[in-house]
Amino acid sequence: MSTLPERPKNKLSLQTTMGKKSRGLNNNAFHTDEEHVSDREDCGSSCSAKDERNKLAYCVTDTPPWYLCILLAVQHYLTAFGGILSIPLILSEGLCLQHDGLTQSQLISTIFFVSGLCTLLQVTFGVRLPILQGGTFALLAPSMSMLSMPEFQCPAWTQNASLVNTSSPVFIDVWQTRLRALQGCIMVGSVFQILVGCTGLIGFLMRFIGPLTIAPTISLIALAQYDMVGTKAGSHWAISALTIALIVLFSQFLCSIPVPIPAYNKTKKLHTSKMYIFQIIPVLLAMAVSWLVCYFLTIYDVLPSDPKQYGYLARTDVKGDVVGSASWFTFPYPGQWGVPTVNVAGVMGIMAGIISSMIESVGDYYSCARLSGAPPPPKHAINRGITVEGIGGLLAGAWGTGNGTTSFSENVGVLGITKVGSRAVILVSGVLMILMGVLGKVGAIFTTIPTPVVGGMLFIMFGVITAAGISNLQFADMNTSRNLFIFGFSLFSALVIPNWINKHPEFVTTGVVEVDQVLKVLLTTGMFVGGFLGFILDNTVPGSKRERGLLSWNTAHLGDSSSFLETDEVYDLPFGLSTRLASYSCVRYVPFCRWEGPSSLHTPKDDGTYPDNRNTSEVIHQQSL
């Protein structure tokens with residue numbers, strides 16, 4: 001097991017060899033030993049990297065040791081858990097399922113299963129960044145709006161727990177009818193998203209989207225959630241503060257302290273090796289400690305047992321015997337609730353939510369690339385990512401999650417804290433989510449995480465996402481009144497307008513229900529309002545490309561790959577598919593595939609091989625023939 005003599009510093013080593021070989025630190029970057037000294041000496045000046053790499057421990061193509069992969073994957077799972085779990089619980093009221101815990105648990109298992117499946121597809125064949133897929137809050141508003149229509153309003157008797165017979169065919173038909181209609185609308189909306197990705201419309205728009213559009217969009221992903229985070233954290237401020245303090249302590253103050261752990265290899269046999277564990281899993285450690293504190297406070301009855309008293313949600317037994325009542329195995333499958341149906345009004349509302357989700361995802365792609373050592377995603381990778389998200393929405397609709405899929409912003413924040421951008425970790429996270437969707441009791445254990453612990457974690461995660469969004473302004477000239485106006489007006493309007501519309505929903509009345517739904521969804525989605533205003537103003541208010549940041553933005557997008565820990569090859573399809581497809585001239589017309597022309601196939605790489613895996617002698621021989 002190769003090791004490092006010191007903690008990764010602000011400047012990481014960079015291996016200049018091209019191809020699929022991992023760059024940056026090796027797979028055991030968090031171990032310390034003298035064995036890596038010679039590697040650094042051999043690397044020479046090429047091992048230096050620029051400041052923006054900022055202590056990345058594992059970049060996109062690096063693979064941590066298996067035990068670190070599992071720990072980091074669990075951390076990502078826990079980070080996404082609260083957001084994914086809350087979606088079916090919120091939908092259950094509109095589906096008339098608030099008194100049917102068993103069906104709620106089946107919806108939870110289904111959404112985790114599909115989220116894991118979509119994560120594997122996105123990391124393998126989509127944008128290929130370490131970005132986890134999960135349910136999207138952008139579809140909750142149009143979904144609840146559709147379910148509030150007269151034909152879908154719940155019968156009065158479903159609101160009374162004493163009158164609900166969960167095994168009754170009448171009750172089953174009530175909630176399955178609503179869920180099937182929601183499934184069909186999501187599937188139709190997902191086809192629209194696939195078309196947007198396949199036709200390259202998103203990639204085409206990227207030439208008009210600069211820092212003043214991306215910055216408010218990414219920032220508002222987090223800023224729009226301030227009320228929800230405050231509610232969760234406010235359920236017990238002491239526990240939330242403990243979680244926040246522990247994450248700050250571990251990730252910022254103790255990250256440079258190595259922890260001795262037992263290790264084994266053939267050379268040294270059993271020995272101790274130092275690992276910077278506080279840097280790589282600070283969120284998991286903090287949540288585990290806070291969770292344990294809540295458990296002890298619960299069993300010793302320090303926390304109130306009355307649901308009406310403050311602090312009750314900090315107990316670990318709030319959900320009752322959820323673990324005991326959950327089944328060991330559950331197997332979600334397509335069409336498990338019946339054949340999906342389509343509602344026209346619902347489709348229009350869902351499509352409005354999907355537009356907002358796509359804007360969020362594009363922002364997440366750029367943020368994830370910055371935090372994982374990859375160059376900004378090229379247009380073909382963005383097109384492919386949006387296409388795969390649309391395919392994920394189709395799968396979610398077919399399986400019946402009641403929701404679609406999107407890139408999870410919370411997990412982008414984890415990359416910024418842990419400095420681990422390996423997509424291998426996200427692949428393991430996807431496998432874990434699939435297992436949690438199948439193993440009912442294992443997934444039920446995590447439902448006992450107290451609400452204030454989740455709230456404290458979201459405090460940190462959304463803070464990092466907000467900063468990641470604002471950091472895009474470094475490309476623009478923020479000393480000009482033009483850019484200050486555009487960013488400030490876009491950001492503030494995206495906070496004011498949704499808040500006012502939510503308080504005065506009757507204001508949006510055109511006489512056409514479908515149009516009202518679309519307008520309400522768009523105007524109450526802060527990401528859309530901020531991103532739309534930033535986009536319109538940045539492309540209409542006079543300003544030079546340098547002032548707007550487009551020159552710096554495009555330079556970062558198309559510039560020298562030595563500025564990053566990875567090259568654009570990180571976005572290539574697996575199994576050499578990109579290289580094989582590049583030999584066909586028709587690929588130039590496929591928006592989600594990379595095509596560099598036939599000359600690229602005859603240009604050797606740094607290791608002497610060619611993109612189609614031939615060596616120099618083979619090329620010379622073929623050319624002579």
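Scanning region 472-490 for residues that are within 22 Å of the chain's Cα centre (by Cα) and either of a type in the set (A, V, I, L, M) or surrounded by fewer than 18 Cβ atoms within 10 Å (Cβ to Cβ) (or both) gives a single hit, LEU473. Filtered by the rule that a residue be polar (S, T, N, Q) and either open to solvent by less than 80 Å² (accessible area, probe 1.4 Å) or in contact (Cβ under 8 Å) with a residue 40 or more places away in the chain (or both), region 494-503 gives a lone residue, ASN499.
Only one of these is open to solvent by 30 Å² or more (accessible area, probe 1.4 Å), of a type in the set (S, T, N, Q) and within 30 Å of ASP538 (Cβ to Cβ): THR231, THR213, THR199, THR267. Name it.
THR199 is the lone residue from the list that is open to solvent by 30 Å² or more (accessible area, probe 1.4 Å), of a type in the set (S, T, N, Q) and within 30 Å of ASP538 (Cβ to Cβ).
Scan region 504-517 and tell me whether some residue there is modelled with pLDDT under 90, buried (at least 22 other Cβ atoms within 10 Å of the Cβ) and not in a loop (DSSP other than H, G, I, E, B). There is at least one residue in region 504-517 that is modelled with pLDDT under 90, buried (at least 22 other Cβ atoms within 10 Å of the Cβ) and not in a loop (DSSP other than H, G, I, E, B).
Tally time: how many residues in region 113-128 are part of a helix (DSSP H, G or I) and open to solvent by less than 10 Å² (accessible area, probe 1.4 Å)? Residues flagged as part of a helix (DSSP H, G or I) and open to solvent by less than 10 Å² (accessible area, probe 1.4 Å) within region 113-128 amount to 7.
Looking only at region 224-256, residues that are out of contact with any Leu (no Cβ under 7 Å at 6 or more places or on another chain), aliphatic (A, V, I, L, M) and closer than 15 Å to VAL464 by Cβ come to 3 in all. Total residues in region 143-177 satisfying the condition of being within 25 Å of GLN517 (Cα to Cα), buried (at least 16 other Cβ atoms within 10 Å of the Cβ) and of a type in the set (Ser, Thr, Tyr): the figure is 3. The helices (runs of 4 or more DSSP H) located wholly in region 396-471 that include 3 or more residues which are touching a residue at least 24 places away in the same chain (Cβ under 8 Å), under 23 Å from ILE244 (Cα atoms) and touching a helix residue (DSSP H, G or I) at 6+ places or on another chain (Cβ under 9 Å) occupy 409-418, 451-470. Take GLU569 and decide whether it is part of a helix (DSSP H, G or I), of a type outside the set (A, V, I, L, M, F, W, C), more than 30 Å from LYS503 (Cα to Cα) and at pLDDT 85 or above. For GLU569, the condition - part of a helix (DSSP H, G or I), of a type outside the set (A, V, I, L, M, F, W, C), more than 30 Å from LYS503 (Cα to Cα) and at pLDDT 85 or above - is not met. Restricting attention to region 270-280 and to residues that are assigned to a helix (DSSP H, G or I) and open to solvent by 10 Å² or more (accessible area, probe 1.4 Å), the residue that is modelled with the lowest pLDDT turns out to be ILE277.
Counting only residues that are among the aliphatic types (A, V, I, L, M) and closer than 16 Å to MET527 by Cα, region 219-241 holds 6 of them. Does any residue of region 369-389 turn out to be under 18 Å from ALA222 (Cβ atoms), open to solvent by 10 Å² or more (accessible area, probe 1.4 Å) and in a helix (DSSP H, G or I)? Taking every residue of region 369-389 in turn, at least one turns out to be under 18 Å from ALA222 (Cβ atoms), open to solvent by 10 Å² or more (accessible area, probe 1.4 Å) and in a helix (DSSP H, G or I). Out of the residues in region 347-367 that are at pLDDT below 80 and open to solvent by 10 Å² or more (accessible area, probe 1.4 Å), state the one that is farthest from the chain's Cα centre (by Cα). Within region 347-367, the match that is farthest from the chain's Cα centre (by Cα) is MET348. Scanning region 281-302 for residues that are under 30 Å from PRO65 (Cα atoms) and open to solvent by less than 10 Å² (accessible area, probe 1.4 Å), we see that the one that is modelled with the lowest pLDDT is ILE281. Tell me, which residue of region 75-106 that is assigned to a helix (DSSP H, G or I) and in contact with a Phe, Trp or Tyr (Cβ under 6 Å, 6 or more places away or on another chain) is nearest to ASP173 (Cα to Cα)? Filtering first and then ranking leaves PHE81.
Looking only at region 242-265, decide whether some residue is in contact with a helix residue (DSSP H, G or I) (Cβ under 9 Å, 6 or more places away or on another chain), β-branched (Val, Ile, Thr) and closer than 18 Å to GLU360 by Cα. Within region 242-265 (the criterion being in contact with a helix residue (DSSP H, G or I) (Cβ under 9 Å, 6 or more places away or on another chain), β-branched (Val, Ile, Thr) and closer than 18 Å to GLU360 by Cα), the answer is no, since none of the residues qualifies.
The values are calculated or read from the model by the stated rules, or taken from the named source; none is laboratory data. Because the structure is predicted, anything quoted here is derived from the model rather than measured. FYI the Cβ positions are ideal-geometry reconstructions off the backbone, even for glycines, and counts take in every protein chain you see. For the accessible areas, the whole protein counts, side chains as well, though only heavy atoms, and no ligand, DNA or RNA atoms are used. Shrake-Rupley method; radii C 1.70, N 1.55, O 1.52, S 1.80 Å.
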